[in-house]
Amino acid sequence: MVKLIPVQKPDQILPKYRNTPIERLFLYHNLREKLPPTSIHAELLIGMCMDNRKDLIIPNEFAYIIRGAGANMHGNEFEISYAIAVGGVSTIALLAHTDCGMSHVSEKRDSFIRGLVERAGYDSDKAAEQFDKYAEIYQIGDPIKFILAETARLQGLYPKILIAPLLYKVEDDQLEQIVEN
């Protein structure tokens with residue numbers, strides 16, 4: 001069972017996130033706390049989808065951000081390790097989001113092929129070949145289940161790092177905490 005916990009006031013932030021960069025992310029983004037001009041160095045790594053409907057309210061230099069289709073961090077392990085080892089971050093926020101196109105990418109085969117042919121000058125066979133080769137890799141299914149699995153995978157790679165699975169609601173631009181019971 002999965003529970004979504006909104007943050008509309010500070011006391012709704014889960015105790016395990018208090019006094020961490022995750023708490024500050026909620027304070028800045030959801031609660032619109034005044035942003036400092038800079039945070040001097042990155043405190044957080046954020047993994048999120050490339051979707052253009054998501055825009056975080058955070059101070060300059062607060063976070064490294066890796067964007068990938070569906071917030072899939074596979075193939076970004078070096079960047080994550082670099083942010084930890086060299087950048088000094090000890091916290092990761094993984095953001096799933098509502099209405100994610102990668103949830104049902106397999107349903108978009110025809111529009112994908114047509115779009116590559118019309119906009120990029122692809123041959124339709126080459127466009128179909130690309131879709132068939134990659135669609136299954138990028139299909140994430142349920143975004144919340146996927147981000148929980150990705151959290152567990154990364155936690156196995158980085159056991160000393162705090163990793164928070166979060167949901168970005170594109171309907172109201174709010175972040176919610178995801179808790180697995």
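Which of the residues belonging to the stretch 1-26 are under 18 Å from L45 (Cβ atoms) and assigned to a helix (DSSP H, G or I)?
Correct list: K16, Y17, P21, I22, E23, R24, L25, F26.
List the number of the failed condition for D173; all other conditions in (1) more than 24 Å from the chain's Cα centre (by Cα); (2) at positive phi hold.
Checking D173 against (1) more than 24 Å from the chain's Cα centre (by Cα); (2) at positive phi, the one that fails is (1).
Can you work out which of the residues in the stretch 124-149 that are β-branched (V, I, T) and farther than 16 Å from K108 by Cα is surrounded by the most Cβ atoms within 10 Å (Cβ to Cβ)? It would help to see each step written out before you state the result.
We begin by selecting, within the stretch 124-149, every residue β-branched (V, I, T); these are 137, 140, 144, 147.
Narrowing further to those that are farther than 16 Å from K108 by Cα: 144, 147.
Working: I144: 20, I147: 28.
Checking each candidate, the answer is I147.
Go through the stretch 48-67 and count every residue that is free of Cβ contacts under 8 Å to residues at least 60 places away in the same chain and either outside any loop (DSSP other than H, G, I, E, B) or more than 24 Å from T151 (Cα to Cα) (or both).
The total comes to 7.
Can we say I58 is over 16 Å from A164 (Cβ atoms) and aliphatic (A, V, I, L, M)? Break it down stepwise before answering.
Numbers: over 16 Å from A164 (Cβ atoms): no; aliphatic (A, V, I, L, M): yes.
The answer is no for I58.
Which number in (1) touching a residue at least 12 places away in the same chain (Cβ under 8 Å); (2) under 20 Å from the mean Cα position of the chain (by Cα); (3) surrounded by fewer than 16 Cβ atoms within 10 Å (Cβ to Cβ) marks the one condition that S106 misses?
Going through (1) touching a residue at least 12 places away in the same chain (Cβ under 8 Å); (2) under 20 Å from the mean Cα position of the chain (by Cα); (3) surrounded by fewer than 16 Cβ atoms within 10 Å (Cβ to Cβ) one by one, S106 breaks only (2).
Please enumerate the residues belonging to the stretch 31-67 that are hydroxyl-bearing (S, T, Y) and buried (at least 16 other Cβ atoms within 10 Å of the Cβ).
Of the stretch 31-67, the ones hydroxyl-bearing (S, T, Y) are 38-39, 64.
Residues satisfying the conditions are S39, Y64.
Quick one: in the stretch 1-43, which of the residues that are basic (K, R) and without any contact (Cβ under 8 Å) to a residue 60 or more places away in the chain is farthest from I178 (Cα to Cα)? Don't jump to the end; show me each part of the working.
Keep residues of the stretch 1-43 that are basic (K, R), which gives 3, 9, 16, 18, 24, 32, 34.
Add one more test, that the residue is without any contact (Cβ under 8 Å) to a residue 60 or more places away in the chain, and what stays is 9, 18, 24, 32, 34.
Values: K9: 16, R18: 15, R24: 17, R32: 21, K34: 25 Å.
Result: K34.
Within the stretch 114-136, can one find any residue that is closer than 30 Å to N181 by Cα, in contact with a Leu (Cβ under 9 Å, 6 or more places away or on another chain) and in contact (Cβ under 8 Å) with a residue 24 or more places away in the chain?
no
Within the stretch 93-123, take every residue that is assigned to a loop (DSSP other than H, G, I, E, B) and in contact with a Pro (Cβ under 8 Å, 6 or more places away or on another chain) and give me the one that is farthest from I137 (Cα to Cα). It would help to see each step written out before you state the result.
Within the stretch 93-123, the subset assigned to a loop (DSSP other than H, G, I, E, B) is 98-100, 121-123.
Of the ones still in play, those that are also in contact with a Pro (Cβ under 8 Å, 6 or more places away or on another chain) are 98, 100.
Values: T98: 20, C100: 15 Å.
Here the answer is T98.
Only the coordinates and a few stated rules stand behind these numbers; no lab work does. Treat the numbers as computed from the prediction; the structure is a model and nothing was measured. Heads up, the Cβs are rebuilt from the backbone with ideal geometry, glycines too, and the neighbour counts pull from every protein chain shown.
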